[in-house]
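A.B. asks: Below is the structure I would like to discuss, written out as structure tokens.
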Amino acid sequence: MKKKTPLTISITILLSAILLFTAGGFAMQRDRLSSASYDSMARRIVASLNPARGERVILRFDPETMPEVLEPLKRLLEEKGAAVESLAYGAAPNFEQKLNETDIYIWLPAGPRALTPADQALLLGRWLDAGRGRQIHFHWGDGTRATDGITATHSAEYDRVYFDALDIDYANLDRKMESIINKLRAGEVHVTTPAGTDIRFKVGDRPFCKQNGDASKARMQTARTRIDREIELPAGALRIAPVEESVAGVMVVPSARIGNVEVKGIRFEFTAGVMTKFSAATNEDTLRRTLESATALKHFREFALGLNPKLITPPGKQWVPYYGYGAGAVRLGLGDNSELGGNVRGGAVRWLFFTDATVTVGRDTLVRAGRLVARL
């Protein structure tokens, strides 16, 4: 299993990950990229962080996955006056003490054998919740997903897309996010798909997480939730836990894998954010057992909208790039939404991707058939 971010730190989540995400499993297929690509990644990280002189940084790295970025990143951070320690994934003596002395924690791309032990993940979550630091991290290989949320086969083509997606107009991305936030707050949000998803909700005054690439200390002063302190690169997703009582309607998932079992024709019905009925055309018993063992999944978790114009599926490929952060991609989630400022607890989480969704607020269409059409 890939490294865990502090977004998924509880034992329940670890168990649900075993239960729900064992199918698939990503395999990194890479070709060698130019040194300029790694230098560019390093510069993007430093620009996002805007580190102050004297800030202390841990670089978590995998020697088997993109080790070429480590040295240019360390050099650029030290040129800014930061104190840098490089730390490989896995066991780490005195980790709690190191973390207590750290201002910035950077998860560099890692392969499936690069593990962060559960005790370290718990400490990282507490560190973030205490407002003591900030993070940048890359899911990279395991961010490449099938629409049912299962990790897909990552390839060199996706590497090139992800590197390119780091080079965008971040100020413009933030302006777009602010415009969409205003639209989403204006009324009831309606999400539909050709397969039959038809769900409505309101966001109220819930906090939006803007994954706009800004990991600066100044941005952390306005952080309201844990994930505001966890900055993803490539950037691009706007995330919200809607007001639970406002969520009503149907979510239709054509096919999803649970462990090694494929469940087809899934239909979830929600009232006040709670799943009141579910069905499946095949293997419904597997779905039932899963929902009974991880009851948090009977709750609507979140709505996310991707806005990065460069995160596109490469020609001839089918996987969703980087957790649906590409422009027009919609992600709906089930389960615990506490990290987003919601009220659902229990640990278990599952994301589902809809690349053909339409999103409207009143008469205003934001996304039509998977294409961002909002006037921003």
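Coordinate-derived values only; no laboratory data. Being a predicted model, the structure only gives us computed values, none of them experimental. Reconstructed Cβ throughout: ideal geometry from the backbone, glycine too, with neighbour counts over all protein chains shown.
A.B. asks: Using the Cα centre of the chain as the reference point, and only Cβ charges (+1 on K/R, -1 on D/E), how large is the resulting charge dipole? Debye, rounded to the nearest 20.
C.D. replies: 540 debye
A.B. asks: Report, in cubic angstrom per residue, the convex hull volume of the C-alpha atoms of region 171-372.
C.D. replies: Cα convex hull per residue, to the nearest whole number: 121 Å³.
A.B. asks: How big is the chain along each principal axis, measuring the range of its Cα positions in Å and listing the largest first?
C.D. replies: Between the extreme Cα coordinates on each principal axis of the chain lie 55, 43, 42 Å.
A.B. asks: Which of rounded, prolate or oblate describes region 148-241 when judged by the alpha-carbon gyration tensor and an a/c cut-off of 1.5? Each step should come with its number before you reach the end.
C.D. replies: Details: a/c = 1.88, a/b = 1.10, b/c = 1.71.
Oblate.
A.B. asks: Now, a different point. Taking amide hydrogens as modeled 1.01 Å from N in the peptide plane, which residues meet the under 5 Å criterion relative to residue 366, leaving out close sequence neighbours?
C.D. replies: Counting only residues 5 or more places away or on other chains, the set is 359, 360, 361.
A.B. asks: Another question about this same structure. Quick one: check the C-alpha center-to-center distance for region 321-336 versus region 29-82, whole angstrom.
C.D. replies: 26 Å
A.B. asks: Under the definition of Cα pairs under 8 Å and six or more residues apart, what whole-number percent is the relative contact order of the chain?
C.D. replies: Relative contact order comes out at 18 percent.
A.B. asks: As a test of the formula, what do you get for the chain when each DSSP H run with n ≥ 4 contributes -39,500 (n - 2.57) and the sum is divided by the residue count, at 222 nm and rounded to the nearest 500 deg cm²/dmol?
C.D. replies: Taken over the chain, the calculation gives -7500 deg cm²/dmol.
A.B. asks: Provide the percentage of antiparallel DSSP beta bridges, counting only those with both residues in the chain; round to the nearest 5.
C.D. replies: Percent antiparallel among DSSP bridges in the chain is about 75.
A.B. asks: To make sure I understand the rule: partners must be aspartates and glutamates, Cα under 12 Å from the Cα of residue 176, and not fewer than 8 residues away in the same chain. Which ones qualify?
C.D. replies: By straight Cα distance, residue 176 reaches no aspartates and glutamates at all.
A.B. asks: Highest first, please rank the peptides 177-189, 230-242, 102-114 by the mean number of other Cβ atoms sitting within 10 Å of their residues.
C.D. replies: 230-242, 102-114, 177-189
A.B. asks: Out of residues 5 or more away from residue 231 or on other chains, whose amide H comes under 5 Å of its own, with H placed 1.01 Å from N in the peptide plane?
C.D. replies: 135, 136, 137
A.B. asks: Let's see if you can work this out: charge +1 on each Lys and Arg Cβ, -1 on each Asp and Glu Cβ, no other charges. What is the dipole magnitude of region 171-372 about its Cα centre, in debye to the nearest 20?
C.D. replies: Around 340 debye, computed over region 171-372.
A.B. asks: Can you find, among 130, 193, 161, the residue farthest towards the positive end of the dipole of region 111-210? Put +1 on the C-beta of Lys and Arg, -1 on that of Asp and Glu.
C.D. replies: Of the listed residues, the answer is 130.
A.B. asks: Only Cα pairs under 8 Å and at least 6 apart count here; give the relative contact order of region 171-372 as a rounded whole percent. Intermediate values should be presented prior to the final figure.
C.D. replies: Values: 477 pairs, mean separation 41.8, N = 202.
It comes to 21 percent, rounded to a whole number.
A.B. asks: For the ranges 119-125, 325-331, what's the packing order if you count other beta-carbon atoms within 10 Å of each residue, average per peptide, and put the highest first?
C.D. replies: Highest-to-lowest ranking by the protection proxy: 325-331, 119-125.
A.B. asks: While we're looking at this one, here's another question. State which helices in the chain qualify, where a helix is a whole DSSP H run, it must extend 18 Å or more along its own axis by its Cα atoms, and its mean Kyte-Doolittle hydropathy must be at least 0.0.
C.D. replies: Long hydrophobic helices here: 35-49.
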